[in-house]
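Worksheet: one structure, shown below.
The values are calculated or read from the model by the stated rules, or taken from the named source; none is laboratory data. In this text the structure is predicted, and so the values were computed from the model without any measurement. A quick note on method: Cβ atoms are made from the backbone with ideal geometry, for glycine too, and the neighbour counts reach across all protein chains shown.
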Amino acid sequence: MLRPMVIWTLAVDSSTNSPIVILKEIDGERTLPIWIGLLEATVIATEMQGIKFARPLTHDLLKNIIELIEVKVKKVEICDLKEDTYYALIHINYNGREIALDARPSDALALALRVNAPIFAVEEVIQNARQVQIRKVPKDQPEQEKKWKEILEDLDPEDFGKYKM
C-alpha cells in the first residue's frame, strides 16, 4: 500500500554531519528519514527555498526536457529499503504508456518538487525505516532552516564543479 508523503524538512545528522531529508505522512505522524549527500540536499533545499540560479541545475534541465517532450510525471515512489539503501521510482506517462523509472530517492524528490508531482512511500518501507520525532516549530524561522539558508546563500554556482560524484 502506498502512503502519501510530503517533504517535511531537511536536517543534519549530528553524529555523521550527513544531510537527511525527512518525509512525513500527509494523513499521519510517521516519518521517513532518508540520508542523502550534501549536493543532493542543496538541490532539494534550493527548490524548497525558491532560490534560482542563473543557469539550470541538472534537475531543472530534466524538468525542461520532460516538458519539451510532453512527458507527465505522475508520482514519485519511495519503493524499497535494502541494507540501509532506499530505492525510488519515478512514474511517468509518455505517449499514453505508464512507465516506472528507477531513481535515487534524492533525485526523485528533487524532480517531484520541480514538477509538483505527489510523493508516496510503500507502507513496508515506512515500517522498516528509523522513525524520527517531529516537533512543532514556531512560525519564526527554525534553527535548521536558518542553517540551510546560510549554506545556500554562501553557495556560488561555480562550487558545483568542485565536488566529485
Criterion violated by residue 76 - all others in (1) within 14 Å of residue 121 (Cβ to Cβ); (2) over 14 Å from the mean Cα position of the chain (by Cα); (3) among the β-branched types (Val, Ile, Thr) satisfied: (2)
Restricting attention to the range 12-40, and to residues there that are loosely packed, with under 13 Cβ neighbours inside 10 Å and charged (D, E, K, R), which single residue is modelled with the highest pLDDT? 27
Taking the range 7-54, which residues are of a type in the set (Val, Ile, Thr) and under 15 Å from residue 107 (Cα atoms)? 7, 20, 21, 22, 34, 36, 42, 43, 44, 46
Those residues of the range 70-125 which are under 17 Å from residue 20 (Cα atoms) and β-branched (Val, Ile, Thr), in sequence order: 78, 85, 119, 125
Considering only the range 41-59, I want to know if a residue exists there that is in contact with a strand residue (DSSP E or B) (Cβ under 8 Å, 6 or more places away or on another chain), closer than 20 Å to residue 130 by Cα and of a type in the set (A, V, I, L, M). yes
Please report, ordered by residue number, the helices (runs of 4 or more DSSP H) entirely within the range 59-165 with at least 3 residues that are at pLDDT 95 or above and either farther than 25 Å from residue 14 by Cα or of a type in the set (Gly, Ala, Ser) (or both). 105-115
